[in-house]
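S.K.: Would you mind keeping the following structure in view while I ask a few things?
Read the figures in this text as sums done on the coordinates, not as results from a lab. Only a predicted model underlies this, so the values are computations on that prediction, with no experimental measurement involved. No Cβ is skipped: glycine too gets one built from the backbone with ideal geometry, and neighbour counts run over all protein chains shown.
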Amino acid sequence: MGKIKVNKNKPPLSRLDKAILYPTAVLSLPLMGLLFYFDMYLLPRIVANLFDPPFIAVYGRGIGFLFPLTFALPLTVASIAWEMISKKQPLFGNKSYKPKGLKPLYPVYPIVSKGFYNNLSPKKQKRLKITAIVLLTCLAICTLLFPFGILPRNVLDEDHVFYSYDSFNQLMHSASAEQAEKLTIEVYRSTGSGRHGRTHYYVTLTIHFEDRSYQFDDRNFNTLSDKKILEQMLELKGFFDEGEYEIKGLEYKDELFQKKNYSSTEKALFYQLFDHDG
């Protein structure tokens, strides 16, 4: 005789389990995007407001330390939630469910119960322990790395002095715009990965010193007005004579105007910044 197959007729997830698992699975990835935006743009501004003189622009350099917790945690949580949904693994169970007919239910133990662990085979218990240890260890490492990513930043203050700080808020370098050797003004094109990756365009300044370069794009300036940003960039350009700056990426200006929705005043400032007749 052949083996009798066990019919895994599992009860559906309860409303409570669905209310927890589905939002967790769906919202974890958008949360990853929000955390990335916070780490890259909002957190450096918060830190600069705490420690730096009035500043024009700030660029957070600690994303390498922030990356694991920002990306790994939401991705792991989303993966676990989708796995539980696909396998109908409840958190708290569905005691009110009554099966129709005589078809027996396959026993499923909620995670928040003693029965869940006790009814696993020794092999699965061991695998679960190893997985939990690995995940908790990774989470601990990511959490320990996170503080080192908060303070590293490049800052440009209102007097056009550049500062670079390390993970311990120690000043590593400072120099005024007058000491810079070269300026690169660029319309930077950033293309997302995959078939549906979005393409973004930014106005970027790179200020080159003898031993260090500072790069800021229009997202790093401490203002929401495109007009103000372009005016501040023009002020920086004023420190450089002809031949001391380089223009790049002007072929993307039409795409930039479309994305930014520049006004006629802002377009005029852009053309002035890029030495273009318009």
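S.K.: If a/c stays under 1.5 just call it rounded; otherwise compare a/b with b/c (prolate if a/b is bigger, oblate if not). Do that for the chain, with a ≥ b ≥ c from the square roots of the Cα gyration tensor eigenvalues.
M.R.: On the way: a/c = 3.67, a/b = 2.42, b/c = 1.52.
Taking the square roots of the gyration eigenvalues as a ≥ b ≥ c, the chain is prolate.
S.K.: Applying 1/(1 + (r/R0)^6) with R0 = 45 Å to the Cβ-Cβ distance of residue 15 and residue 219, what FRET efficiency is obtained, to the nearest 0.05? Let's see the in-between values first.
M.R.: Values: r = 42 Å, r/R0 = 0.93.
With a Förster radius of 45 Å, E is 0.60.
S.K.: What value, in deg cm²/dmol to 500, does the helix sum -39500 (n - 2.57) over DSSP H runs of n ≥ 4 give at 222 nm once divided by the residues of the chain? Could the numbers behind the result be given before it?
M.R.: Values: 9 runs with 110 residues, N = 278.
One gets -12500 deg cm²/dmol as the mean residue ellipticity at 222 nm.
S.K.: Hey, another quick one. Quick one: if the Förster radius is 25 Å, what FRET efficiency do residue 112 and residue 144 give, using the C-beta to C-beta distance and rounding to 0.05? Let's see the in-between values first.
M.R.: Working: r = 29 Å, r/R0 = 1.14.
Calculated transfer efficiency: 0.30.
S.K.: Nearest 10 degrees, 0 to 90: what angle lies between the long axis of helix 73-86 and the longest principal axis of the chain (Cα atoms)?
M.R.: On a 0 to 90 degree scale, this one is about 30.
S.K.: Mind checking the angle between helix 122-145 and the chain's longest principal axis? C-alpha axes, 0 to 90 degrees, to the nearest 10.
M.R.: Value to nearest ten degrees: 20.
S.K.: Using a Förster radius of 22 Å, what is the FRET efficiency between residue 260 and residue 38 based on their Cβ-Cβ separation? Nearest 0.05, please. Spell out each step's value before the answer.
M.R.: Details: r = 23 Å, r/R0 = 1.02.
That gives a FRET efficiency of 0.45.
S.K.: May I ask you to compute the full-extension gain from residue 181 to residue 231, defined as 0.36 nm times their residue separation minus their alpha-carbon distance, rounded to one decimal in nm? Write down the numbers at each step before the final one.
M.R.: Details: separation 50, 0.36 × 50 = 18.00 nm, distance 2.12 nm.
Gain on extension, residue 181 to residue 231, equals 15.9 nm.
S.K.: Classify region 135-225 as rounded, prolate or oblate from the Cα gyration tensor: take a ≥ b ≥ c as the square roots of its eigenvalues, call it rounded if a/c is under 1.5, otherwise prolate when a/b beats b/c and oblate if not. It would help to have the intermediate numbers written out before the result.
M.R.: Details: a/c = 2.36, a/b = 1.18, b/c = 2.00.
In terms of gyration-tensor shape, oblate.
S.K.: Would you mind telling me which residue in 204, 131, 143 has the biggest mean-square fluctuation in a Gaussian network model of the chain, where springs connect alpha carbons within a distance under 10 angstrom?
M.R.: Fluctuation is largest for 131.
S.K.: Go through 40, 53, 26 and say which Cα lies farthest out towards the positive end of the charge dipole of region 1-89; charges sit on Cβ, +1 for Lys and Arg, -1 for Asp and Glu.
M.R.: 26
S.K.: Can I ask one more? With each pseudo-label sitting 7 Å past Cα toward Cβ, what's the residue 61-residue 95 distance in nm, one decimal?
M.R.: 5.8 nm
S.K.: Continuing with the same structure: Sort region 150-278 into rounded, prolate or oblate with this rule: let a ≥ b ≥ c be the square roots of the eigenvalues of the Cα gyration tensor; rounded if a/c is under 1.5, and if a/c is not under 1.5, prolate when a/b is larger than b/c, oblate otherwise.
M.R.: Working: a/c = 1.84, a/b = 1.31, b/c = 1.40.
In terms of gyration-tensor shape, oblate.
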